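Undergrad: Please find one structure pasted underneath; my questions will follow.
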Amino acid sequence: MVTISIDKKNYHAEPGEYVLKVARREGIEIPALCYHEGLAPFGACRLCIVEVIAGGRKGITTSCTLAAVEGLAVMTATDEVMKLRRGLLELYLAQAPDAPYIRQLAAQYGITRSRFAREREKGAPEEKCVLCGLCVRVCNEAIGAGVINFIGRGPETKVNAPYNEPSSACIGCTACANVCPTEVITITDHKGIRSVTTWSNTQVTLKTCRLCGKTMEPEPLVQEIHRKVVALSEEFKDVCPKCRQRYRTGKLHHTDFVTHQ
Amino acid sequence: MGSAVKHQTVSYLTTSKNQGLKKIFPGKPRIAVGFASCGIAAGADKVMRALEQEIKRRRLDVMLTKVGCIGYCTREPLVNVSIPGLPLVIYQHMTPEDVVPLLDAVISNKVYTYKVLCRIEQWDHITKGNVLHYGSGWPDVPRYAEVPFFSKQQKIILRNTGLINPEDIDEYIAVGGFSALHKALTTMTPEQVIDEVAAAGLRGRGGAGFPTAQKWRLARKAPGDTKYIICNADEGDPGAYMNRNEMESDPCMLLEGMIIGAYAIGAQQGIIYIREEYPLAIKRLQHAIAQVRACGFLGRNILGSGFSFDIAMVKGAGAFVCGEETALIASIEGFAGRSRPRPPFPAEKGLWGKPTNINNVETWCNIPVIVSRGGAWFSRIGTENSKGTKVLSLVGKISQAGLAEIPFGTTLKTLVYDIGGGGADGKRIKAVQTGGPSGGCIPSAYFDSPIDYESLTSLGSIMGSGGVVVVDEDTCMVDTARYFVDFTKSESCGKCTPCREGLKHMLGLLTNICNGNGNMEDLGVLEDLAQLVKKASLCGLGQSAPNPVVTTLKYFRHEYENHIKARRCHAGACAQLFVAPCENACPIHMNIPGYLTLLKEGRLAEAYAFLLQDNPLPATTGRVCHHPCQSRCRRCEVDGTVSTREIHRFIADAMLENKKELRRVSPKRLKPTGKKIAIVGAGPAGLTAAYYLAKFGHHVTVYDAYPRAGGMLTYGIPEFRLPKKIVEQEVSIIQKLGVRFIFNTKIGKDKSIAALRRENDAVFLAIGAHRESPLRIQGEDADGVLSGVEFLRDFNFGKQVALGAQTVVIGGGNVAMDAARVAKRLGSEVTILYRREKSDMPADEEEITQAEEEGIPIMTLVAPQRILVSNGRVKGITLVCMRPGDYDTAGRRVPTATEQTITLECDTVIAAIGQVCDSDFIGRSGIALHRNGTVQVDPFTLATNVPGVYAGGDVVTGPLTVSEAMGQGKQFARELDKRLMGEDRFSSLFKKITYSNDVAVEPQGGPRNLMPTVAGDIRRHTFDEVTLRYDPAVAQREVTRCLRCDVKE
């Protein structure tokens, strides 16, 4: 256990624990776009910056990558930090003007318009992606499917499947849509196919329950779960969770699960 | 090449050394061609082939080899020749055509004088005990140390480059190579090696300047057995190629440094990360690595020390950001080159999570010399905080470009003027850009600053990797900032928002400003963005990318304001802001291609009307303008400038003579506005302001203390340069517009400025600079000492001037030339005395030449010490002889007094050392003046601090030229009308005249047709015009020479 100071108050932290995590735990507000507790820190959005005043390299740094050591002292809302944060939000407003979360976050810091916002043509595609990389990192680090990544460099960077072609590696888990802070990723299920429109219309076949005939999770996702999370016995493999539930509550008898093939 | 002998003991090292020495001194002539990238680009490969063929054909017993680059890139291809017993001679600008005469000279033990650069009798290869003696002789050939480019350098890193064959390890060993490695591995512990590097005070040469020993200690102390060292050879700054030469010309030096470093740190594997765009460096390094391995300096149990180490090479793939260490590591690991947050730092957790030490090529290259000579020796070079030397690439608008290695503490002045030879084409240097896209621009006023880490940082720039880009008066600093931001924006990895988005928006703002669409608020936004990107970016690329913008805003804000407020780019780089380079350089922005084309089309009257749109005094300026347009004319690059000034004189003269045609050109006036303007001074500035304001429909009154209009045109410039009749004719055109002239009225005496303010809506002070600066020497009050300006004025007034038989004129400007030439015509023997060199004289080159042609000698480098007086009259003058001293920050040599004096007999001394403004009365009425008496004004509106009062011309700028004064008058008129009437009405003053925009593909018209001039010995007896008009056929030919740079599509 080490003691660190945030905004002149002391808190306990595990040695090496990231300051942003400590702050979130203690209810101290530090905004962030690219941070997720389950993923390695990325340091890209820069919103979580704080000022180190003691116990480490002095100056402005991202709290998501700042490891707690005994005696570390940071300030989360100095004039400089706030000025930089507001500047960043102006940049985000220009980059993702159609994202409600960005508008809300910016408004929280008093930014309602951006000096860099361009006049957009009618019917222009909605701009919401802030390149926080959460979708890329969750797919590569947490899920391990590696469907998408950053393509290109600098301001031309985009996220997509390789060569902007539909991916055959996608397991349809929807983790990417789940972690996206700005609702960029569109996934629709229709007639037995899960379409991830945003990733070049990647399509994943949905599994059908052999008992009730309704579609359930995507086939590759189910296989992945069985492989990595919990191995279900044979008779439950092709049965949807609802039907499994009905067995548990006795509405179905185990003989219903015998395969009729 | 190179022996495959494993060097386990020093005796094997000696064997290789001897083998190498036999190659450097083969006992017969050795011809070595400089074969690095710059030499090959200049044609060294062709020279090499020609040499091969000719040597074979003649069956000469001569050794032909290749060496690297000695750094004097402007003089490539370089070839050095070593004949046994004689000095090594370096030849420059060699071509295949030089091969035969060179070989002729070589076989007769002679020097090929035509292309010789310098000789080297002995050379210190720095690592202990390695001085090579070539031989003495040929005293007429300049020594290496006498060549200005080399004389202030100190070669330590570049000690071998250009002298040894980079593809032969024996030659490297012959000049002391690997003796340091041997010393380190056999007599020193790793900690002792680090101590030596610490004692040396070596700082990283890649840009950040972090203390190297400290970095090594961190890596050494980090827990873990597997450690890596990396050489950052991703040299990406545009214009920087020091590392390239270090690798192409002396690759073993880098390898030796890395092996010693790995030993000190405890690393087993080294990686050279080299940019793919350096194919020759890659090839040479791969070859060197193979040779070093074959010698046993890489691999297992090196020199029997138990230390094992090897080096691999990884190529980059075209990303500047991979020069940043975390992105570099990501690239080696197989990921895209995107930066990672630090901490953790690479010394703790780097390549594949292991402790890693990354250093720049040049940092590693310093190691062998530090180990060989010791840290104490090294620390004696340089300054307190910046030890050792730095290789700089001196490029851009510099006369002598190349690689210069200087000890820290050398001033920018020495680098730019002594080593670099000043601006290319004699142009004035504006600034240097150091540190590449991460650095900043340092204006020439700061060139006294030493080159070291702290000094450059305190000026707002950084040392960077050593690139020094020189920019001159033709470089636009806004465009330069835009260029660098464009670079960093496209090289940004894109991971973090401030760099990716911030640089994108900064580029947008800068582009707008360069296109004339910027506004003043943009500067504040640019500054805010710069701070945001600097402070919030993830890695060094973003953190330093705004530096060029920040420094140009700090030192060159006026250029930004010019682009925004006046929509002008003085340097002539931003194409949207000017019609053509000539028009841009013209102080009154005459549309030069326009009038040239109209004359070409035979439309004389329209050409004249077209001239009058921008220039109310075309016949006058056609005679006396200093023609800055001609120095920017693109035709200069073909066969000489177009005679612009002479043509508009031709057009105006032809019209002024033809009264009938002249009457048809009736100047248009807009409706009367009821506004009243008073102009003080009927000189060029005042006349031009009056002209435009009258055309705008305002009521204009011009006051002048003299009986006639013209100012310097009438009372300064002599008749033989500008006939008074011409001035009168052109003034009458202005009078016809309804301008009221009130002569013999001195404002400040006969009428006050306050009164003018009461009676008018605006007052324009354009009284010029008519008082001569005093000489401030003994005897200046004697009879016979005259002021240049007064002398000319009295003469032009028709007064009798007390001129003796022997006159000296002191000064080097146009007033001095005019005074001298008038005195000569009045029968006196005249000598001009100037305290600097002729090339420093501010007078127009033509004036100087014409004065000399008229029999007036010019004595340079003499300064007046005392005027000798007898009975109150001048009888002589004593002069101190000056010598050109050190350079000042502007690149001019400061004249320094010597002990020697000269005394001349004379009875008249005319002082023309500079004019000042008679502005006391202006200051007394509450208008703010500068310390030198000129009036302070807003540079765009020409407004003074007193509402309603404006000023322009020499009274604001100090003594300048006729056209610059006219430019101010025109600017004042246009801006005032905008203010009074609420809109820019300038274009409504004139009828639009169109002409053809067909442009010939090839340059037409042949070489320049010069203005015919009366011979000097004839014209010096008369006051008739010196230059005669063009013949109409000649004028017609001359106008076809215009390349029509204004036609852009």
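The values are calculated or read from the model by the stated rules, or taken from the named source; none is laboratory data. All values derive from a computational prediction rather than experimental measurement. All Cβ positions, even for glycine, are placed from backbone atoms using ideal geometry, and neighbour counts span all protein chains on display. Only protein heavy atoms, including side chains, enter the accessible area calculation; ligands, DNA and RNA are left aside. Shrake-Rupley method; radii C 1.70, N 1.55, O 1.52, S 1.80 Å.
Undergrad: From the convex hull of the Cα coordinates of the range B:841-881, what is the mean projected area in square nanometres?
TA: Mean shadow area of the hull around the Cα atoms is 3.9 nm².
Undergrad: Using only the Cα atoms of the range B:530-614, what semi-axes does the equivalent ellipsoid have when each is the square root of 5 times a gyration tensor eigenvalue? Give whole Å, largest first.
TA: Computed over the range B:530-614, the values are 44, 12, 8 Å.
Undergrad: Here's another thing I want to ask about it. May I ask you to evaluate 6.51 cos²θ - 1.76 cosθ + 1.60, the Karplus curve with θ = phi - 60°, for each residue of the range B:644-656 and list the ³J(HN,Hα) values in order in whole Hz, giving x for glycine and proline?
TA: So the Karplus estimates, Gly and Pro as x, are 4, 4, 5, 6, 6, 5, 4, 4, 5, 4, 4, 6, 5 Hz.
Undergrad: Could you estimate the translational diffusion coefficient of the range B:957-1009 from the Stokes-Einstein equation, with Rh from the Kirkwood formula over C-alpha pairs, at 25 °C and 0.890 mPa s, in whole µm²/s?
TA: Using the Kirkwood radius from Cα pairs, D works out to 161 µm²/s.
Undergrad: Would you calculate, for chain A, the mean residue ellipticity at 222 nm contributed by helices, counting each DSSP H stretch of 4 or more residues as -39,500 (n - 2.57) and dividing by all residues, to the nearest 500?
TA: -6500 deg cm²/dmol
Undergrad: Further question: Apply the Karplus curve 6.51 cos²θ - 1.76 cosθ + 1.60, θ = phi - 60°, to the phi angles in the range B:413-421 and return the couplings in whole Hz, x for Gly and Pro.
TA: 4, 5, 4, 7, 9, 6, 6, x, x
Undergrad: By accessible area of protein heavy atoms, probe 1.4 Å, what ranking do A:R57, A:R24 get, highest first?
TA: Final ranking, largest accessible area leading: A:R57, A:R24.
Undergrad: Defining a contact as two alpha carbons under 8 Å apart and six or more residues distant in sequence, what relative contact order in percent does the range B:381-462 show?
TA: For the range B:381-462, the relative contact order is 27 percent.
Undergrad: If I take every Cα pair under 8 Å that is 6 or more residues apart in the range A:1-121, average their sequence separation and divide by the length, what percent do I get for the relative contact order?
TA: Numbers: 199 pairs, mean separation 28.9, N = 121.
Relative CO of the range A:1-121 lands at 24 percent.
Undergrad: What figure in square angstrom, to the nearest 10, would you give for the accessible area of B:D907 with a 1.4 Å probe?
TA: About 40 Å², rounded to the nearest 10.
Undergrad: Ignoring ligands, DNA and RNA and using a 1.4 Å probe, state the total buried accessible area between B and A in Å², rounded to the nearest 100.
TA: Result for this pair: about 2400 Å² buried.
Undergrad: Report the relative contact order of the range A:163-250, percent, no decimals, based on alpha-carbon pairs under 8 angstrom and at least 6 residues apart.
TA: 24
Undergrad: Might you report the magnitude of the Cβ-based charge dipole of the protein assembly as shown about its Cα centre, with Lys and Arg at +1 and Asp and Glu at -1, to the nearest 20 debye?
TA: Approximately 2080 debye in magnitude.
Undergrad: Working from the alpha-carbon coordinates of the range B:194-307, get Rg over Rh, Rh being the Kirkwood radius.
TA: In the range B:194-307, Rg relative to Rh is 0.97.
Undergrad: Using alpha carbon coordinates only, what is the Rg to Rh ratio of the range B:803-924, with Rh defined as the Kirkwood radius?
TA: 1.01
Undergrad: Of B:E121, B:E1038, B:E348, B:E790, which has the most accessible area with a 1.4 Å probe, and how do the rest follow in descending order?
TA: Listed by decreasing accessible area, they come as B:E348, B:E790, B:E121, B:E1038.
Undergrad: According to the Cα gyration tensor, what semi-axes, each the square root of 5 times an eigenvalue, does the equivalent ellipsoid of the range A:1-115 have, listed from largest to smallest in whole Å?
TA: One finds semi-axes of 26, 15, 11 Å for the range A:1-115.
Undergrad: Share of the range B:360-399's accessible area from carbon and sulfur, percent, 1.4 Å?
TA: 41
Undergrad: Taking the alpha-carbon set of the range B:36-140, what are its Rg and Dmax in Å?
TA: 13.8, 42
Undergrad: Related question: A:W199: accessible area at probe 1.4 Å, nearest 10 Å²?
TA: 10
Undergrad: Okay, moving on. Roughly what angle does helix B:361-373 make with the longest principal axis of chain B, taking Cα atoms, 0 to 90 degrees, to the nearest 10?
TA: 60
Undergrad: For chain A, take the convex hull of the Cα atoms, compute a quarter of its surface area, and give me that in nm², please.
TA: 18.7
Undergrad: For a quick size check, give me the Cα extents of the range A:153-261 along its three principal axes, largest first, whole Å.
TA: 59, 24, 23
Undergrad: Still on this model: Once the Cα atoms of the range B:58-120 are picked out, what are the Rg and Dmax in Å?
TA: Just the Cα atoms of the range B:58-120 yield Rg and Dmax of 11.3, 33 Å.
Undergrad: Considering only DSSP beta bridges with both partners in the range B:271-424, what is the antiparallel share in %, to the nearest 5?
TA: Close to 70 percent.
Undergrad: Compute the orientation-averaged projected area for the range B:674-713 from the convex hull of its Cα atoms and round it to one decimal in nm².
TA: The number I arrive at for the range B:674-713 is 2.6 nm².
Undergrad: Then there is this: Give me the angle, in degrees from 0 to 90, between the Cα long axis of helix B:604-614 and the longest principal axis of the Cα atoms of chain B, rounded to the nearest 10.
TA: 70
Undergrad: Ratio of alpha-carbon Rg to the 2.2 N^0.38 Å globular estimate for the range B:360-488, to two decimals, please.
TA: Numbers: Rg = 15.2 Å, N = 129, 2.2 N^0.38 = 13.9 Å.
It is 1.09.
Undergrad: Run the numbers on the range A:153-197: which residues show a drop of 20 Å² or more in accessible area, chain on its own versus all protein chains together, using a 1.4 Å probe over heavy atoms?
TA: Buried-area filter returns A:R153, A:G154, A:P155.
Undergrad: Quick one: which residues, 5 or more positions from B:R143 or on another chain, have an amide H under 5 Å from its amide H? H modelled 1.01 Å from N in the peptide plane, none for Pro or chain starts.
TA: Here the answer is B:R119, since their amide H atoms fall under 5 Å of that of B:R143.
Undergrad: Also: Per the Kirkwood treatment, what hydrodynamic radius in Å, one decimal, follows for the range B:426-492 from the mean inverse distance over all distinct Cα pairs?
TA: About 12.4 Å, per the Kirkwood formula over Cα pairs.
Undergrad: Still on this structure, please answer the following. Cα axis of helix B:724-735 to longest principal axis of chain B: angle in degrees, 0 to 90, nearest 10?
TA: Value to nearest ten degrees: 80.
Undergrad: Sum up the charges of everything whose Cβ sits under 9 Å from the Cβ of B:T807, counting Lys and Arg as +1 and Asp and Glu as -1, but leave B:T807 out.
TA: That works out to -1.
Undergrad: A further question on this structure: Express the Stokes-Einstein translational diffusion coefficient of the protein assembly as shown in µm² s⁻¹, to the nearest whole number, given a Kirkwood radius over alpha-carbon pairs, 20 °C and a viscosity of 1.002 mPa s.
TA: Value of D from the Cα-based Kirkwood radius: 58 µm²/s.
Undergrad: Would you list B:S996, A:S168, B:S631 from the most to the least accessible area, probe 1.4 Å?
TA: Sorted by accessible area, descending: A:S168, B:S631, B:S996.
Undergrad: Can you tell me the dipole magnitude for the range B:722-779 around its Cα centre, using point charges on the Cβ only (Lys, Arg +1; Asp, Glu -1), in Debye to the nearest 20?
TA: Details: 11 positive and 6 negative charges, 32 e Å.
Computed about the Cα centre, the dipole is about 160 debye.
Undergrad: To one decimal place, what Kirkwood hydrodynamic radius in Å is obtained for chain B from all pairs of distinct Cα atoms? Before the final figure, lay out the partial values.
TA: On the way: mean 1/r = 0.0304 Å⁻¹.
Kirkwood radius, chain B: 32.9 Å.
Undergrad: How big is D for the range B:90-164, in µm² s⁻¹ as a whole number, if Stokes-Einstein is applied with the Kirkwood radius of its Cα pairs at 4 °C and 1.567 mPa s? It would help to have the intermediate numbers written out before the result.
TA: Numbers: Rh = 13.9 Å.
In µm²/s, the coefficient rounds to 93.
Undergrad: Follow-up question, since we're still on this one. Could you list log10 I(q)/I(0) for the range B:726-794 at q = 0.13, 0.25 Å⁻¹, which the Debye formula gives when each Cα is one point scatterer?
TA: -0.66, -1.20
Undergrad: Keeping all protein chains in position, work out how much accessible area B:D783 exposes to a 1.4 Å probe, and write it in Å² to the nearest 10.
TA: Result for B:D783: roughly 90 Å² accessible.
Undergrad: Which pairs break 25 Å Cα to Cα here: A:K128/B:K315; B:K565/B:K600; A:K58/B:K504; B:K66/B:K283? It would help to have the intermediate numbers written out before the result.
TA: Numbers: A:K128/B:K315 36 Å; B:K565/B:K600 35 Å; A:K58/B:K504 29 Å; B:K66/B:K283 15 Å.
As for pairs spanning more than 25 Å Cα to Cα, those are A:K128/B:K315; B:K565/B:K600; A:K58/B:K504.
Undergrad: Where does chain B land at 222 nm, in deg cm²/dmol rounded to the nearest 500, when only DSSP H runs of n ≥ 4 count, each adding -39500 (n - 2.57), divided by all residues? Write out the running numbers ahead of the final one.
TA: Details: 41 runs with 383 residues, N = 1049.
Calculated mean residue ellipticity at 222 nm is -10500 deg cm²/dmol.
Undergrad: If you don't mind, another one. In whole Å, what are the Cα extents of the range A:70-136 along the three principal axes, biggest one first?
TA: Projected onto its principal axes, the Cα set of the range A:70-136 covers 54, 29, 16 Å.
Undergrad: Using a cut-off of 12 Å between alpha-carbon atoms, which aspartates and glutamates can reach B:K152, once sequence neighbours fewer than 8 places away in the same chain are excluded?
TA: Reachable aspartates and glutamates: B:E405, B:D418.
Undergrad: Over the alpha carbons of the range A:14-72, what is the largest minus smallest coordinate on each principal axis, giving the biggest first in Å?
TA: Largest to smallest, the principal-axis extents are 26, 22, 20 Å.
Undergrad: What does DSSP give for chain B in terms of the percent of beta bridges that are antiparallel, rounded to the nearest 5? Can you show the working numbers first?
TA: Working: 57 of 116 bridges.
Of those bridges, close to 50 percent are antiparallel.
Undergrad: Same structure, new question: Determine which aspartates and glutamates satisfy two conditions relative to B:K227: a Cα distance under 13 Å, and not lying fewer than 8 residues away in the same chain.
TA: Output for B:K227: B:D310, B:E348.
Undergrad: For the range B:810-868, what is the convex hull volume of its Cα atoms per residue in Å³?
TA: Considering the Cα atoms of the range B:810-868, their hull volume per residue is 76 Å³.
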